[in-house]
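Data first, discussion second: the structure below is written as structure tokens.
The values are calculated or read from the model by the stated rules, or taken from the named source; none is laboratory data. Computed from a prediction, not measured in an experiment: that's the story for all the values here. For neighbour counting, all protein chains shown are included, and Cβ atoms are generated from backbone atoms with ideal geometry for every residue, glycine included. To get the accessible areas, we keep the full protein, side chains included, count just its heavy atoms, and leave off ligands, DNA and RNA. Shrake-Rupley method; radii C 1.70, N 1.55, O 1.52, S 1.80 Å.
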Amino acid sequence: NNFPFTIGWARDRRDSALVPTKGPYTQANLEVGLPGGDTQYYRASVQQQYFYPISKSFTLALNGEVNYGAGLGNDPYPIFKNFYAGGIGSVRGFSAGSLSVSGTGVSNTGGFYNLPIGGAARLLLNAELQLPFPGTGVDKSLRWFTFVDAGQVWNPQDGEAIRLGDLRYSTGLGISWISPVG
């Protein structure tokens, strides 16, 4: 049984929620497992985004996110509240969840494999240069972009130190298409 209490705050000063070109976006969340449940813990998240117009059609987008959780009192941090990194929305170019702490699982055939189990601390950093798609003019619904992402997950409750030298990086090109269909 878990009785979470969550409180959040956000401030959005971007010029557009769909295709922003300037302004900041900030959000912070805190979740606490209340007494009476089987888990007492806290889980905090802070995210900051900035959008800088370099020119009429070029935008630099920066994103940073810090997440941390721990057990309260003598309770351990619950594994089902772990953070994950890797994949779209965190560090592109890596498989989903692949940057998290791994545990060992046993397959149907009796072999062992690594299983991402996440961790109680996460850091994500993203920088993206958004450019107009050739032939579209200043239309921002179809753009291409180049990016640099960095991130990692740690488990400090198991004695693992949070070291920025452990960050994993990726870089690449992509296409962003915002259509009325989805």
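The table for this structure:
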| item | result |
| --- | --- |
| Per residue solvent-accessible surface (Å²) - the chain, probe of 1.4 Å | 58 |
| Solvent-accessible area, 1.4 Å probe, carbon plus sulfur percent, for the chain | 60 |
| For peptides 161-171, 43-53, sequence by mean Cβ density within 10 Å, most packed first | 43-53, 161-171 |
| Cα→Cβ-extended label distance, 7 Å offset, between LEU142 and SER55, nm | 2.0 |
| In sequence order, calculated HN-Hα J values of the stretch 53-67 (Karplus, 6.51, -1.76, 1.60; Hz; x Gly/Pro) | x, 7, 8, 4, 10, 10, 10, 9, 10, 10, 9, x, 9, 10, 10 |
| HN-Hα J in Hz across the stretch 25-42 - Karplus 6.51, -1.76, 1.60, θ = phi - 60°, x for Gly and Pro | 9, 10, 8, 9, 9, 9, 10, 10, x, 7, x, x, x, 7, 10, 10, 7, 10 |
| Taking the C-alpha atoms of the stretch 1-79, convex hull volume expressed per residue in Å³ | 97 |
| Lysines whose Cα lies under 23 Å from that of LYS140, excluding same-chain neighbours fewer than 8 positions away | LYS22, LYS56 |
| Accessible-area value, GLU31, 1.4 Å probe, nucleic acids and ligands omitted, Å² | 20 |
| Estimated distance in nm for a label pair at SER95 and ARG14, the labels positioned 7 Å out from Cα along Cα-to-Cβ | 3.0 |
| Share of pairwise Cα separations in the stretch 115-160, more than 13 Å, in percent | 67 |
| Solvent-accessible area of LEU30 with every protein chain in place, 1.4 Å probe, in Å² to the nearest 10 | 70 |
| The chain: relative contact order as a whole-number percent, Cα under 8 Å and 6+ apart | 16 |
| Coarse-grained scattering of the chain at q = 0.08, 0.12, 0.13, 0.18 Å⁻¹, given as base-10 log I(q)/I(0) from a Debye sum over alpha-carbon atoms | -0.34, -0.71, -0.80, -1.20 |
